[in-house]
Amino acid sequence: PHAPIEARFLRLLRARALVASPVDDWPTEDAADADLADGPDADQLDKLFAACWISHESVLLGSKCGQLRRFDVRDAAGPSRASSPAAGAVDVGVPVSCPVATQPSVCAEEGGGIRSIRLSPNGQLLALAGVQHNSECVGVMQTPSLESLDVSASLHQSWVFNVEWLSDSALLSCSRDGSLGLWDVRPDADFRSRIVSAYHEPSAHPSRAAGRAAKVRDCSAFATFGAACRDRVVTISPSAERNQGVKIWSVRDARVSCELDVPDSYVRNEASPFHRGLGPCVSTHDSDPNLFCLSAGCSIVVLDRRVGGAHDKRPAIEMTTTDNDGSRSLSMSDHL
């Protein structure tokens, strides 16, 4: 609601580094990434991949280089609690210690970073898609202290693209290696939350390419009416077989309840950005269990399962964006 806060936060989202140089003066992406230091004490920051409100005045940010930063906004007039950056520098908050895995990374690809941060429904835990040096692992932190609690085993073999809380103790993850993971986050004898592997689906979407996994780029859980745990989730894969790119899963019995046949222009066009994997994403409505939307390339499709019955796969709304690179994040809320 306050213009100064909005301006500072929008400037934050454009940040590429803490050094005193304009954003537009950075060299090419690959050259810039190669020059970035590693570790939570680095004075430079790569792309910001994730953001999550942890209080009314604080946002936790995750970067491509595996760093966490807390960005605090106190009021519209005063500076942030985080720091007073040098002239020309971009304020991206104060460093936060990231969970560190005890085992070496099994991921062959570098640059996964922290791609998603999610707050548990009770507001007591944070889940990270990727941790420092181990982008194939899931991390858990305590709020509001931001204490590192645990890092998962290497259930996934490549980057974790997203994590989603199904309840205060059940956590879903999706990975670049084509797998889904279900985690049980439970307290140990010292009442510290620990991550236990509960279920692993190694190949969630059949791939169009032999010998290559169909990346699961995003997942989202449907809202429920009064249930303690959300049981239905939707996943999206850009490289899956035709008519297999979007699936609705029943978590309770680990089965697919619906496979969506979205429009020809959206999936069946081999030259479309959907098949090139340019940032497809999916979002469920925050309170209506029948609504969800998909984005890939320049298409955004909203599906309403109240129209035509629960198994109707026709889109309720189709939109075309002007950005050919597509949307990398969607959110649905309020009345539609």
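The values are calculated or read from the model by the stated rules, or taken from the named source; none is laboratory data. Here the structure is a predicted model, which is why all the values come from computation and not from measurement. FYI the Cβ positions are ideal-geometry reconstructions off the backbone, even for glycines, and counts take in every protein chain you see. The protein model used for the area step is the full one, side chains on, heavy atoms only, and it has no ligands, DNA or RNA in it. Shrake-Rupley method; radii C 1.70, N 1.55, O 1.52, S 1.80 Å.
Within region 212-226, the set of residues being under 23 Å from Asp288 (Cα atoms) and either touching a His at 6+ places or on another chain (Cβ under 9 Å) or not in a loop (DSSP other than H, G, I, E, B) (or both) comprises Asp218, Cys219, Ser220, Ala221, Phe222, Ala223. Scanning region 178-193 for residues that are more than 14 Å from Ser120 (Cα to Cα) and in contact (Cβ under 8 Å) with a residue 40 or more places away in the chain turns up Gly178, Leu180, Gly181, Leu182, Arg192. Scan region 176-194 and give yes if some residue there is under 27 Å from Thr224 (Cβ atoms), in contact with a Gly (Cβ under 8 Å, 6 or more places away or on another chain) and not in a loop (DSSP other than H, G, I, E, B), otherwise no. No: region 176-194 contains no residue that is under 27 Å from Thr224 (Cβ atoms), in contact with a Gly (Cβ under 8 Å, 6 or more places away or on another chain) and not in a loop (DSSP other than H, G, I, E, B). All told, Asp168 falls short of being surrounded by fewer than 21 Cβ atoms within 10 Å (Cβ to Cβ) and without any contact (Cβ under 8 Å) to a residue 24 or more places away in the chain. Scanning region 88-115 for residues that are at pLDDT below 90 and within 17 Å of the chain's Cα centre (by Cα) turns up Gly111, Gly112. In this structure, is Val216 touching a Gly at 6+ places or on another chain (Cβ under 7 Å) and of a type outside the set (Phe, Trp, Tyr)? Here the answer is yes, as Val216 does meet what is asked. Going through (1) modelled with pLDDT of 95 or more; (2) open to solvent by less than 10 Å² (accessible area, probe 1.4 Å) one by one, Arg118 falls short only on (2).
One residue alone among Ala227, Ala254, Ala310 is at pLDDT below 75, open to solvent by less than 60 Å² (accessible area, probe 1.4 Å) and within 29 Å of Val185 (Cβ to Cβ), and that residue is Ala227.
Taking Leu149, is it buried (at least 24 other Cβ atoms within 10 Å of the Cβ) and over 19 Å from Ala51 (Cα atoms)? For Leu149, the condition - buried (at least 24 other Cβ atoms within 10 Å of the Cβ) and over 19 Å from Ala51 (Cα atoms) - is not met. State whether one or more residues within region 234-250 are closer than 19 Å to Leu125 by Cβ, touching a residue at least 12 places away in the same chain (Cβ under 8 Å) and either more than 22 Å from the chain's Cα centre (by Cα) or surrounded by fewer than 22 Cβ atoms within 10 Å (Cβ to Cβ) (or both). Scanning region 234-250, I find no residue that is closer than 19 Å to Leu125 by Cβ, touching a residue at least 12 places away in the same chain (Cβ under 8 Å) and either more than 22 Å from the chain's Cα centre (by Cα) or surrounded by fewer than 22 Cβ atoms within 10 Å (Cβ to Cβ) (or both), so the answer is no.
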